[in-house]
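Structure first, then comments.
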Amino acid sequence: GLSHKTATVEVREKLAVQEHNWQSVGRAIAALPSLKEAAVLSTCNRFEIYFVTNDVHAGIREVTEYLSTTRGVSMKELRSSLFMLSEDDAVWHALRVAGGLDSLVIGEGQILSQMKRCYEIATEKQGAAGKVLTRMLNTAGSAGKRGRAGTGVA
C-alpha cells in the first residue's frame, strides 16, 4: 500500500481507484498467477491492496508489476512509495487503519466507513475476497468500531 506518509499526491492520484472499480480491480489482481484473494481500498490519503498468496515474494512482484503496467507508474516510483506488509503485520495494519490510528488526523471516522465499504465490495458475489480476507476485513471493521466506541477517539 501507500499513504500520505509514503507517497506524493501525484503518485496517490495515479494509483487511485474509484470505489465503483474496487471490485473489478480486486478481481484482476486476484487473477494474477500467485494470488488467491484480493481487496482494494482507495481513498484520498491511501491506496491499499490486501491479498492472499502462498508465495509472498511472487505475489508482491506480480501486484507491483500489475500496478506499474495498468496505472502508468514506474517500478522505481512504486518501490520508493509503497510499503509492503505480510502476515501478522498486514493484519495489524488493517486494524490500525480501521481504527483511524494510521490516518492523517488520528481517530478520523471516515476511514472506518471506507474499510467497511472495502469489506462489502470485496465480499459481494463478484468480489475477490475468500475466507481469509473476509475474516480479516470483518475483524478490522469490528475492531475499528469497538475502538471508537470504547475510547475517547470517537
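The values are calculated or read from the model by the stated rules, or taken from the named source; none is laboratory data. In this text the structure is predicted, and so the values were computed from the model without any measurement. Ideal geometry is used to build each Cβ from the backbone, glycine not excepted, and the neighbour counts take in all protein chains shown. These area figures cover heavy atoms from the full protein model, side chains too; ligands, DNA and RNA do not enter into them. Shrake-Rupley method; radii C 1.70, N 1.55, O 1.52, S 1.80 Å.
Gain in length, W92 to T139, computed as 0.36 nm per residue apart minus the alpha-carbon separation, to one decimal in nm? Present the calculation step by step, with values, prior to reporting the outcome.
Working: separation 47, 0.36 × 47 = 16.92 nm, distance 1.05 nm.
Difference between extended and current length: 15.9 nm.
All alpha carbon pair distances within the chain were sorted into 10 Å bins beginning at 0; the resulting P(r) in whole percents reads 12, 43, 37, 8, 0. Applying D = kT/(6 pi eta Rh) to the stretch 37-102, where Rh is the Kirkwood radius over alpha-carbon pairs, T corresponds to 20 °C and eta to 1.002 mPa s, the Stokes-Einstein value obtained is 167 µm²/s. Build a GNM of the chain with springs between Cα atoms under 10 Å apart, and of S86, S42, S74 the one that fluctuates most is S74.
Can you pull out the trypsin sites (Lys or Arg not before Pro) in the stretch 39-142 that DSSP calls coil and that have at most 15 other Cβ atoms within 10 Å? Each step should come with its number before you reach the end.
Values: sites: R46, R61, R71, K76, R79, R96, K116, R117, K125, K131, R135; in loops: K125.
Here the trypsin sites (Lys or Arg not before Pro) that fit, given the DSSP loop and packing criteria, are K125.
Taking all protein chains in place and a 1.4 Å probe, what share, in percent, of the accessible surface of the chain do carbon and sulfur account for?
Values: 4250 of 8220 Å².
Of all accessible area on the chain, carbon and sulfur atoms account for 52 percent.
Comparing Cα centroids, the stretch 56-86 and the stretch 6-50 end up 11 angstrom apart. Ordering P33, H20, I49 by the projection of their Cα atoms onto the charge dipole of the chain, which places +1 on the Cβ of Lys and Arg and -1 on the Cβ of Asp and Glu, puts H20 at the extreme positive end.
Between V11, V91, V132, the GNM of the chain built on Cα springs shorter than 10 angstrom shows V132 fluctuating the most.
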